[in-house]
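*Asks:* Quick one: this structure, given as structure tokens, is what I'll be asking you about.
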């Protein structure tokens, strides 16, 4: 069976037992301390999991071939494919991604694999915490490197929107920006990272944490659907373009909409960090 959105701990265990081609990725990270994620992985991870570093594997800061702007620019699809091959990930594998930060970071790799044309990728619902709560083992062992293998890019299965497109469609019915940052940052009351506080005019706010229930799992599909429909009102779900600070924590909203049956919507990967870098672009507050 192929998993394309969420996978439960029990389903991952069954996949492991079945011997199906599989690679598990640990995407744990901390935006304020880039050494924290690797340290957490080294201390405890799902056995055989490969570490995917946000800053080096999943971003391309300073790379002229980067596919987006912002604080965490996307690497080109070709650069990403080369990294996948270097860690031994092949086209025929199921990918399972997780973190220990409420899908704040694992969603990035989920989306990037879709963007590379790979549908068989799912987020471990509940992350490492759910894995451990079920009584499963973790390890601090250094994982043996897997043999490199070619990873062939296919047609993108995810939509990337650039800043120019967002600017051109501003105020149009075919684009509804959805901001995944916390409400105080969205309103412009605080801005701890980027040079300007506020949000893209017309954007709606749904903090990415709203998708997770008290049990640490994604809310049921029907609940997610009702919440997104209430937020969007009469707006077409297909018009939604997701953003956050730097295109990372926007993905849980995109994933939640897909879980809710509302389709796979677009990502503005440059997000607020790219938007606010040009003082000519309009800013809303409140």
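Here, each number is a calculation from the coordinates, and none is a lab measurement. Worth saying up front: this structure is predicted, and the values here are computed from it rather than measured. Neighbour counts are summed over all protein chains in view; Cβ atoms, including those assigned to glycine, are modelled from backbone coordinates with ideal geometry.
*Asks:* Please order 18, 28 by the number of other Cβ within 10 Å, starting at the fewest.
*Replies:* 18, 28
*Asks:* Which value does Rg/Rh take for the stretch 163-275 over its C-alpha atoms, Rh per Kirkwood?
*Replies:* So for the stretch 163-275, dividing Rg by the Kirkwood Rh gives 0.95.
*Asks:* Among 239, 86, 59, which comes first, second and so on when ranked by fewest other beta-carbon atoms within 10 Å?
*Replies:* The fewest-first ordering by Cβ neighbours comes to 86, 239, 59.
*Asks:* Can you pull the semi-axes for the stretch 89-183, root of five times each eigenvalue of the Cα gyration tensor, sorted largest first, whole Å?
*Replies:* Taking √(5λ) for each eigenvalue gives 32, 21, 10 Å, largest first.
*Asks:* In Å, what Kirkwood hydrodynamic radius results for the stretch 136-225 from the alpha-carbon pair distances?
*Replies:* Evaluated over the stretch 136-225, this radius sits at 17.7 Å.
*Asks:* For the chain, modelled as a Gaussian network with Cα springs under 10 Å, which listed residue fluctuates most, 224, 254, 109?
*Replies:* Top of the fluctuation ranking is 224.
*Asks:* When the convex hull of the C-alpha atoms of the stretch 6-133 is computed, what volume per residue in Å³ does it have?
*Replies:* Normalising the Cα hull of the stretch 6-133 by residue number yields 102 Å³.
*Asks:* What's the exposure ranking of 55, 278, going from fewest to most Cβ atoms within 10 Å?
*Replies:* So the ranking, lowest neighbour count to highest, is 278, 55.
*Asks:* Which three semi-axes in whole Å describe the equivalent ellipsoid of the chain, each the square root of 5 times a Cα gyration tensor eigenvalue, listed largest first?
*Replies:* Semi-axes from the Cα gyration tensor: 30, 21, 18 Å.
*Asks:* Return the calculated 222 nm mean residue ellipticity for the chain, to the nearest 500 deg cm²/dmol, obtained by summing -39500 (n - 2.57) across DSSP H runs with n ≥ 4 and dividing by the residue count.
*Replies:* Here the helix-only value at 222 nm equals -8000 deg cm²/dmol.
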